[in-house]
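Q: Following this message is one structure expressed as structure tokens.
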Amino acid sequence: MMTQWLSNFILAGTIRFLLMNSEYQKMISNCVEVSTALNSWKRVTEGVYLYNFGIDPYTGDLFHETPIGLYVFNFVQQHFSQWILFCLFIFTDLLTALFLGLTAEQYATELVSKKKEEEKSYNETTGTDNDTSIIYTSMMYVSAGYLFNPYIVLNCVGHTTTVFTNLLYSIALVSMTKCSIFWSCLSIALLTLQGLYPVSLLVPAIIYIARSNNIKRKSNIVKFIIIFISMLTALFCISYYIMGSWSFIWSTIGFILTVPDLRPNVGLYWYFFTEVFEHFRWLFIASFQINVSLLYIVPLALRLRHDPMLLAFSYLAITAIFKSYPCIGDVGFYMSLLPLWKHLFQYTQQGFIVGCFMLFCTIFAPTVWYQWIYSRSANANFYFGVTLAFAIAQIFLLTDILFSTVKHDFAVRHGINKDISGTTAKLLLE
């Protein structure tokens, strides 16, 4: 088992290393689907250059990383050669896959124990060998889903800072499944400082903490909130100490909220706010930001309170779809978590449609971009049509998973079984 898992990591690392040293690396890093105003490594390099010359990188509309990120990237570019930099991106991606595998192991263990409790009511038993196989399979599928996901590979080869953001996301997920208050607070605080939207992960993290110990439930929740606020405040103070001013807030969180840069990406903001009348701009900015950050938090938390990992997945998917500056690295991250709900796939109905949409949009996006920018045989409407279809496909995917959860719960509650003589039943049209 370990040999197969290790071979996946070696193969994934080799693929990334070969692509980074190929002629396609620059082309990938320049793709608007891969690099945005927030995660472009070119902007990081220019921001570090300005910082070393005593110029505040936040004075213009160029650099949008946090001061802590600026300090770290400055150290990396000063002490790491190009080859070591390649290895750093690859190692970070492989480490993210490892943490996601550990998350899958913990979550699959929870599902197996929950399944045993449900089967006790029907006087049924399951074998421990089968349970071990389910846990291992979940680990393998999730880690492989991240390692060999084309979106993630392109994201790593393109040298985007989303690689490091995904690492923080994976740390947050594995920490909340293991009920680690310190690491959950630290990772979510770092993500919130950088992108604001990940603050929604506090909800599933608190649910996990509350479930860990019924006796000290209230005290653990209060402790978690206090530690998170303290860490977030400390990170802001450290950022102020590095820069000597609060100018970074407007260039990081303010930049994400106000959406001043309308260069095309795989999101929905750029085209809409290019066309909207200026005096309606702030109204629609508020509407868009409420949609992605506040609208779904409470309803989903109430419905999915018994499955906080699915709740976290829903928040990640909503953020990747509706955030102001998304990239395919964000999409690839939450899609790699889909094998966690392999037991729900029999209840899904939109798999073929979503798969076709995702495939066509992935192929057509760079094609239409070339026609628009280089050959001038298309216009912005063509590219926005592809990004709109891409967002619709993701919405279909998320809603299909959520509806399949409802169907699964209904089947378990009413004892509906699709097995006939020990095998899964199939419907055939004759």
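Q: Confirm whether Thr258 is open to solvent by less than 30 Å² (accessible area, probe 1.4 Å), of a type in the set (S, T, N, Q), farther than 20 Å from Ala317 by Cβ and modelled with pLDDT under 95.
A: Numbers: open to solvent by less than 30 Å² (accessible area, probe 1.4 Å): yes; of a type in the set (S, T, N, Q): yes; farther than 20 Å from Ala317 by Cβ: yes; modelled with pLDDT under 95: yes.
For Thr258, the condition - open to solvent by less than 30 Å² (accessible area, probe 1.4 Å), of a type in the set (S, T, N, Q), farther than 20 Å from Ala317 by Cβ and modelled with pLDDT under 95 - is met.
Q: Determine if the stretch 36-43 includes at least one residue that is without any contact (Cβ under 8 Å) to a residue 12 or more places away in the chain, open to solvent by less than 60 Å² (accessible area, probe 1.4 Å) and farther than 17 Å from Pro150 by Cβ. Working first, answer last.
A: Within the stretch 36-43, the subset without any contact (Cβ under 8 Å) to a residue 12 or more places away in the chain is none.
No - not one qualifying residue is present in the stretch 36-43.
Q: List the residue pairs whose Cβ atoms are under 7 Å apart, where the first residue sits in the stretch 290-318 and is closer than 19 Å to Leu196 by Cα and at pLDDT 95 or above, the second is open to solvent by less than 40 Å² (accessible area, probe 1.4 Å) and part of a loop (DSSP other than H, G, I, E, B), and the two are 6 or more positions apart or on different chains.
A: Once the first residue is closer than 19 Å to Leu196 by Cα and at pLDDT 95 or above and sits in the stretch 290-318, its partners that are open to solvent by less than 40 Å² (accessible area, probe 1.4 Å) and part of a loop (DSSP other than H, G, I, E, B) give Leu311/Leu304; Phe313/Leu337; Ser314/Leu304.
Q: While we're here: Condition first: in contact with a helix residue (DSSP H, G or I) (Cβ under 7 Å, 6 or more places away or on another chain) and without any contact (Cβ under 8 Å) to a residue 12 or more places away in the chain. Can you find one or more residues in the stretch 392-399 that meet it?
A: No: zero hits.
Q: Next question. Could you tell me which of the residues Gly329, Gly355 is buried (at least 16 other Cβ atoms within 10 Å of the Cβ) and among the small types (Gly, Ala, Ser)?
A: Values: Gly355 fails: buried (at least 16 other Cβ atoms within 10 Å of the Cβ).
Gly329 is the lone residue from the list that is buried (at least 16 other Cβ atoms within 10 Å of the Cβ) and among the small types (Gly, Ala, Ser).
Q: Working only within the stretch 69-95, note down all residues that are open to solvent by 40 Å² or more (accessible area, probe 1.4 Å), in contact (Cβ under 8 Å) with a residue 40 or more places away in the chain and either hydroxyl-bearing (Ser, Thr, Tyr) or over 30 Å from Asn8 (Cα atoms) (or both).
A: Tyr71 - this is the single residue of the stretch 69-95 that is open to solvent by 40 Å² or more (accessible area, probe 1.4 Å), in contact (Cβ under 8 Å) with a residue 40 or more places away in the chain and either hydroxyl-bearing (Ser, Thr, Tyr) or over 30 Å from Asn8 (Cα atoms) (or both).
Q: Got a number for residues in the stretch 132-147 being over 16 Å from Met309 (Cβ atoms) and out of contact with any Leu (no Cβ under 8 Å at 6 or more places or on another chain)?
A: Selection size over the stretch 132-147: 6.
Q: One residue is enough: does the stretch 184-197 have a residue meeting the conditions more than 27 Å from Arg43 (Cα to Cα) and surrounded by fewer than 23 Cβ atoms within 10 Å (Cβ to Cβ)? Don't jump to the end; show me each part of the working.
A: Taking the stretch 184-197 first, the residues more than 27 Å from Arg43 (Cα to Cα) are 184-185.
Checking which are surrounded by fewer than 23 Cβ atoms within 10 Å (Cβ to Cβ) leaves us with none.
Scanning the stretch 184-197, I find no residue that is more than 27 Å from Arg43 (Cα to Cα) and surrounded by fewer than 23 Cβ atoms within 10 Å (Cβ to Cβ), so the answer is no.
Q: Could I ask something else about it? What do you reckon, is Gly60 within 28 Å of Tyr241 (Cα to Cα), small (Gly, Ala, Ser) and modelled with pLDDT under 90?
A: Values: within 28 Å of Tyr241 (Cα to Cα): yes; small (Gly, Ala, Ser): yes; modelled with pLDDT under 90: yes.
When the stated conditions are applied, Gly60 passes them.
Q: Now a separate question. Could you please tell me which pairs satisfy a Cβ distance under 7 Å, a separation of 6+ or placement on different chains, a first residue in the stretch 406-425 that is within 17 Å of Lys116 (Cα to Cα) and modelled with pLDDT of 60 or more, and a second residue that is surrounded by 10 or more Cβ atoms within 10 Å (Cβ to Cβ) and of a type in the set (D, E, K, R)?
A: Once the first residue is within 17 Å of Lys116 (Cα to Cα) and modelled with pLDDT of 60 or more and sits in the stretch 406-425, its partners that are surrounded by 10 or more Cβ atoms within 10 Å (Cβ to Cβ) and of a type in the set (D, E, K, R) give Val412/Glu118.
Q: Here's a follow-up. What number of residues within the stretch 44-60 are in contact with a Ser or Thr (Cβ under 8 Å, 6 or more places away or on another chain) and open to solvent by 60 Å² or more (accessible area, probe 1.4 Å)?
A: 1
Q: Can you name the number of the only condition in (1) within 15 Å of the chain's Cα centre (by Cα); (2) open to solvent by less than 10 Å² (accessible area, probe 1.4 Å) that Ile171 fails?
A: In the conditions (1) within 15 Å of the chain's Cα centre (by Cα); (2) open to solvent by less than 10 Å² (accessible area, probe 1.4 Å), Ile171 misses (2) alone.
Q: Moving to a separate point now. Give the stretch 17-47 a look and list any residue that's in contact with a Phe, Trp or Tyr (Cβ under 9 Å, 6 or more places away or on another chain) and not hydrophobic (A, V, I, L, M, F, W, C), or say none.
A: Asn21, Ser29, Glu33, Ser35, Thr36, Asn39, Arg43, Thr45, Glu46, Gly47
Q: Looking at Tyr334, Tyr370, which one is of a type in the set (Phe, Trp, Tyr) and either open to solvent by 30 Å² or more (accessible area, probe 1.4 Å) or in contact (Cβ under 8 Å) with a residue 60 or more places away in the chain (or both)? Walk me through it before giving the result.
A: On the way: Tyr334 fails: either open to solvent by 30 Å² or more (accessible area, probe 1.4 Å) or in contact (Cβ under 8 Å) with a residue 60 or more places away in the chain (or both).
Going through Tyr334, Tyr370 in turn, the sole match is Tyr370.
Q: Here's something else I'd like to know. Can you find a residue in the stretch 275-283 that is crowded, with 16+ Cβ neighbours inside 10 Å and more than 30 Å from Thr177 (Cβ to Cβ)? I'd like the intermediate steps shown before the answer.
A: At the first step, the residues of the stretch 275-283 found to be crowded, with 16+ Cβ neighbours inside 10 Å are none.
Within the stretch 275-283, none of the residues are crowded, with 16+ Cβ neighbours inside 10 Å and more than 30 Å from Thr177 (Cβ to Cβ).
The values are calculated or read from the model by the stated rules, or taken from the named source; none is laboratory data. Here the structure is a predicted model, which is why all the values come from computation and not from measurement. Neighbour counts are summed over all protein chains in view; Cβ atoms, including those assigned to glycine, are modelled from backbone coordinates with ideal geometry. Calculation scope for accessible area: heavy atoms of the full protein, side chains included, ligands and nucleic acids excluded. Shrake-Rupley method; radii C 1.70, N 1.55, O 1.52, S 1.80 Å.
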